Amino acid sequence: MPQQQQQQQQQRRSPTARLVRGAAVVGSLALLPLTAACSGEDDATDEKSSGKQTVSAQEAQVVAPAKVEVIANLTQCKAKIRVDAEELREGVCHTKGGDYLITTFPEERFQDTWLETISMYQGTYLVGTRWVVSAQPKVLKEFRPKLGGDIVHMSGMGPGVTQSPS
């Protein structure tokens, strides 16, 4: 019964509410190319000086879907949360290796919608279970052994999504 009530409530949401949420998602996507291209100062802790060891998601036994903070920790970063909405959470990381975004989704359908929307932009993403990391390809290749997921290339404006071999 509660599931039916949730579905009815979602159907009753006004078109304005849907537009506002959509605008928030699109607005964060518009800044994505700028964030991925920028290089910031090193906010990450130097692994040698801190004594921390890098542990892969599999070794840490992280259960997907992970939170932004968990993924950031696995990539040696403390993420600054910039979007905290019902449909997604997004954190930005600034490190020596490059700047990147970590986006997590409470449900797979939100991730599917986000990926469909972002497909109009050209870019490369590391896509996991209800999470996406947006960064330069060399950074994503470094993260893949730690996080898992698939590297996905978006060709922009139309079909043309390709997935890197596992």
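The values are calculated or read from the model by the stated rules, or taken from the named source; none is laboratory data. It should be emphasised that the depicted structure is a prediction, and the values quoted were computed from it without experimental measurement. Cβ coordinates were reconstructed from backbone atoms using ideal geometry, including for glycine residues, and neighbour counts include every protein chain displayed. With ligands, DNA and RNA removed, areas are computed over all heavy atoms of the protein, side chains included. Shrake-Rupley method; radii C 1.70, N 1.55, O 1.52, S 1.80 Å.
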Label-point separation, residue 82 to residue 153 (7 Å along Cα→Cβ), nm: 2.6 nm
Protein-only accessible surface order, largest first, of 129, 103 at 1.4 Å: 129, 103
With eigenvalues of the C-alpha gyration tensor scaled by 5 and rooted, the stretch 100-143, Å: 18, 13, 7
Karplus (6.51, -1.76, 1.60) ³J(HN,Hα), θ = phi - 60°, over the stretch 134-145, in Hz, Gly and Pro reported as x: 10, 6, 5, x, 5, 5, 5, 5, 5, 6, 4, x
Gain on full stretching of the segment that runs from residue 109 to residue 96 - 0.36 nm per residue minus C-alpha separation: 1.3 nm
Protein-only accessible surface order, largest first, of 142, 116 at 1.4 Å: 116, 142
